[in-house]
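What follows is a single structure, written as structure tokens, with notes after it.
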Amino acid sequence: MAFTFAAFCYMLALLLTAALIFFAIWHIIAFDELKTDYKNPIDQCNTLNPLVLPEYLIHVFFCVMFLCAAEWLTLGLNMPLLAYHVWRYTSRPVMSGPGLYDPTTIMNADVLAYCQKEGWCKLAFYLLSFFYYLYGMIYVLVSS
Amino acid sequence: FHFYLSNFLFSYLYFSLSMTIEYFLHHWPIHLSSVPFYHVHLCSTPEPCGHDLPISFYCVTNCLPFLSAALGGLSGVPELEVEALRPVNLLQERNLLPHRPLDAPEPNLSADLKKANCSPDTFRCTLTNIPQTQALLNKARLPLGLLLHPFRDLAQLPVITSNTIVRCRSCRTYINPFVSFLDQRRWKCNLCYRVNDVPDEFMYNPVTRSYGEPHKRPEVQNSTVEFIASSDYMLRPPQPAVYLFVLDVSHNAVEGGYLNVFCHTLLENLDKMPGDTRTRVGFITFNSTIHFYNLHESLSQPQMLVVSDIDDIFIPTHDSLLVNLKESRALVRVLLTSLHSMFSQTRETHSALGPALQAAYKLMSSTGGRVSVFQTQLPTLGAGLLQSREDPNQRSSTKGVQHLGPATDFYKKLALDCSGQQIGVDLFLLSSQYSDLASIACMSKYSAGSIFYYPSLHHVHNPAQLDKFQKDLERYLTRKIGFEAVMRIRCTKGLSIHTFHGNFFVRSTDLLSLANINPDSGFAVQMSIEESLADTSLACFQSALLYTSSKGKRRIRVHTLCLPVVSQLSDVYAGADVQAITCLLANMAIDRSISSSLSDARDALVNAVVDSLSAYKNTVSNIQQSGLIAPAALCLFPLYVLALLKQKALRTGTSTKLDERVFAMCEFKSQPLQQIMRMVHPDLYRLDTMSDQGALHLNDCIVPQPHLLHLTAEKLTREGAFLMDCGNVFYLWIGKCCNDMFIRDVLGCPNHASIPPIMTQIPELETPLSERLRALLAWLQDSRTFSSTLHVVKDDATAKTSFFQHLVEDRSESAFSYYEFLLHIQQQMSK
């Protein structure tokens, strides 16, 4: 088994994707809490907003890693999500701190529905990519 | 191993992908590109999905008269329906305006229900016949929403002081005239259909002193009631009335002269402010530093405390900055009389609004209350400082208007903090230059405050504006107020509210947090139909406003509206309320222009007309003639939408100052419906041919009721005199060749040429013409709460531009005339 840099990348990506899955689940639960009036939007946004940039930065980090490891297929699969993250962050409402969620608009039914869907889609994507990295890691480890 | 692993992974991928796709096909709403406001759900079954209802609801025969009336709700008046559906060819019929201002359409209910129903001034729906399913609503292409004015000043209000407030056990709806009593001891909720028990105390009717007739109790006879709330409804002991005034005392402010008027008005109205013995007041003034005033009653003179460290505001002393009004009244008077002279020589030009607001927040956070902020320029110092974002060359741009949203979220965050502490912030902007109202208005928008704007207020150059400021301030100080309020709007099962418009903070999906509630704010909500309403013939809406009165009593004001449910598209059109639809569309357009762009919002408005008229033509009307056919209920819809497109808030191509535009947008979002309609489509009357026909006789006064005219220069003649009622301003236009007798009798001038160029008051002359005109003006003024200025516009005066801009049916340099607009719509419809 050849322990190449690519294998190392895949391993790290696997671990970090677990963290991203955790973030996605946190988002889904948070929006569900908002929808069922369990929490105040101001408090909820204060917990959600600090998590946004770390998630995006982690994703950028392993895109960069795959670039260095010359894993083009994996990089190509992650490009749409990167573009989506960039678009989402640049079109966020005016706010002084980091984050995407504004407590005054988040309770609009369409914004809430959009964020929930985003949470589910991201969860699905991260799960799929988790298995893909697992496969990729084994493939890279086994092939010499 | 490779082979099996890859196989497994790919089959897993395929499986999960197909599951995800299936999930989204069933649950993802799709935006229709040509219908920007509506969502369509892809349902797997074409039939509406109903829910089970106990058979007993329909099988109760020996029920009380109320129930049978409810079942027979759709007794309908066929003639009214037919009249509302009469096809009107808009291209041919020119005289569409009714003679008198439009009344709200009456819902198609039985007489009992109509009598008990909520007044349309308080609660109004865009469609008085609610469609049964979302599919039917989408076919009609009209928005479904409610416009409320819950805290309106009411002449009569039944107040219930019973110990138990009867509410449904599951949905917590208050008992209302539209519930059904199954027998003497049980009632069925009209919103969630749950059967509840009637408590024993409710069986006794204190009004008629009779027992055993729960349906005669005042809560069940009136749709607008006020309950006195018990301590279960209080999170903390009811707060006293606390008023804090935050005043800009920079050079600009003092030079403009508002401070004098403010102090004078407040002195006169100090005792008329709502409150009781616990009422407290405080003052903060600011320029580049913040000044607090110690008004402890033991002092002989108010003591000013200056805090110059604006980056880290602290409160200098812990008490006596917000003092009990009764005890420190003398000191407050001394302060108000000397405030102007204290700052008359000031040379400070900076304004530290942000730090002043932070100080106000710190001062008020223990009690909550109302903060009134008076600002005369752009805030230039400290936290929340703003830059001038307006480019004067872009005022008449047709491409797009920038900077409609806030530049910083400082004011929004402050408003949210204030809302959490039950502090409402009202803003009076009195500046003559750009002050970034888009950013500072946020302090009022989310803390349930009101925004007032007096551009170019100056005691010498613009005394009319100063006069209006003074009268408005008087109304503002003396009007009723509710503190620490929350409002909840409940609807019949199957309907849900998805967007709210107005000045408040949406705390959860249907709970609105209003730090202050006042009788002059209106709200709008948009609804969607989640489940089919096929099992019910009546849809009900209830708004419950829980607030603390200025006397420290906790009260709940409940309004209930009942509307019939219909299954035919023609019925939906017959019940369309064109004024409510226009106001709701205005709210939606303003949201759209801030979140995406102004041109998008304008296109969406035009599309709303095109879509609804196309839908009518294709599905309801069988007439295949040329021309633009609309149902009589919607015949004014294109006219109102054209008027909306020419409003200051939404127009392009005509020079509009950014602050005035933003203020017009704020007005649309917070004014009640009648005021908005007067702003959108002013009422134009001819004065010199007024007769006593149809006049009202009130208090020995004869108030003439002239007919409405279309807003076009065709209706103006040089021999006539006309009055235009625009909501907050009246224009009196006198033609060049107007009858000299009229001018003499009404204006006191011998002829047209001698009318002064700026005339803002009608002299009180003893002639019958003058009496009639003044009676009409007074009657119109009474129908609104804030004072309206009057401008006499001669044929060649400068107020002429404003007057002529309101003639919406005429072509202007960048906008269609009414006829051209109709042709444009016809063209869009045929695409």
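The values are calculated or read from the model by the stated rules, or taken from the named source; none is laboratory data. Source: prediction; values computed, not measured. All Cβ positions, glycine included, derive from the backbone under ideal geometry; neighbour counts span all protein chains shown.
A few comments on the model shown:
- Subset of the range A:93-122 [farther than 23 Å from residue A:37 by Cβ, within 11 Å of chain B (Cβ to nearest Cβ) and either surrounded by 15 or more Cβ atoms within 10 Å (Cβ to Cβ) or within 12 Å of the chain's Cα centre (by Cα) (or both)]: A:95, A:121
- In the set (1) within 30 Å of residue B:816 (Cα to Cα); (2) not in a loop (DSSP other than H, G, I, E, B), the condition left unmet by residue B:719 is number (2).
Okay, residues lined up against (1) under 26 Å from the mean Cα position of the chain (by Cα); (2) within 26 Å of residue B:394 (Cβ to Cβ); (3) outside any loop (DSSP other than H, G, I, E, B):
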{"position": "B:643", "(1), (2), (3)": "yes, yes, yes"}
{"position": "B:649", "(1), (2), (3)": "yes, yes, no"}
{"position": "B:656", "(1), (2), (3)": "yes, yes, no"}
{"position": "B:662", "(1), (2), (3)": "yes, yes, yes"}
{"position": "B:667", "(1), (2), (3)": "yes, yes, yes"}
{"position": "B:674", "(1), (2), (3)": "yes, no, yes"}
{"position": "B:690", "(1), (2), (3)": "no, no, no"}
{"position": "B:697", "(1), (2), (3)": "no, no, yes"}
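- Hits in the range B:489-500 (condition: outside any loop (DSSP other than H, G, I, E, B) and more than 13 Å from chain A (Cβ to nearest Cβ)): B:489, B:490, B:491
- Index of the failed condition, residue B:217 passing every other in (1) over 28 Å from residue B:517 (Cβ atoms); (2) at pLDDT below 90; (3) of a type in the set (Lys, Arg): (1)
- Conditions (1) free of Cβ contacts under 8 Å to residues at least 60 places away in the same chain; (2) touching a helix residue (DSSP H, G or I) at 6+ places or on another chain (Cβ under 8 Å): number failed by residue B:393: (2)
- One residue from B:376, B:380 being touching a Phe, Trp or Tyr at 6+ places or on another chain (Cβ under 8 Å) and away from chain A (no Cβ under 14 Å): B:376
- Reported count of residues in the range B:184-207, each being over 38 Å from the mean Cα position of the chain (by Cα) and without any contact (Cβ under 8 Å) to a residue 12 or more places away in the chain, is 2.
Quick grid of which residues meet (1) touching a Phe, Trp or Tyr at 6+ places or on another chain (Cβ under 9 Å); (2) crowded, with 20+ Cβ neighbours inside 10 Å; (3) within 14 Å of another protein chain (Cβ to nearest Cβ):
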| residue | (1), (2), (3) |
| --- | --- |
| A:17 | yes, yes, no |
| A:31 | no, yes, yes |
| A:42 | yes, no, yes |
| A:45 | yes, yes, yes |
| A:54 | yes, no, no |
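- Residue list for the range B:222-242, filter: over 26 Å from the mean Cα position of the chain (by Cα), in a loop (DSSP other than H, G, I, E, B) and either at positive phi or among the polar types (S, T, N, Q) (or both): B:230, B:239
- Tabulated pairs, the range B:407-419, first farther than 20 Å from residue B:370 by Cβ and at the interface with chain A (Cβ under 7 Å from one of its Cβ atoms), second surrounded by fewer than 24 Cβ atoms within 10 Å (Cβ to Cβ) and among the polar types (S, T, N, Q), C-beta under 6 angstrom, 6+ apart or interchain: B:409/A:96
- Residue, nearest to residue B:683 (Cα to Cα), within the range B:804-827, restricted to residues that are touching a residue at least 60 places away in the same chain (Cβ under 8 Å) and acidic (Asp, Glu): B:809
- Answer residue from the range A:123-141, given it is in contact (Cβ under 8 Å) with a residue 60 or more places away in the chain and over 16 Å from the mean Cα position of the chain (by Cα) and is nearest to residue A:43 (Cα to Cα) among those: A:134
- Taken as a whole, the condition of being surrounded by 15 or more Cβ atoms within 10 Å (Cβ to Cβ), part of a helix (DSSP H, G or I) and touching a residue at least 12 places away in the same chain (Cβ under 8 Å) applies to residue B:335.
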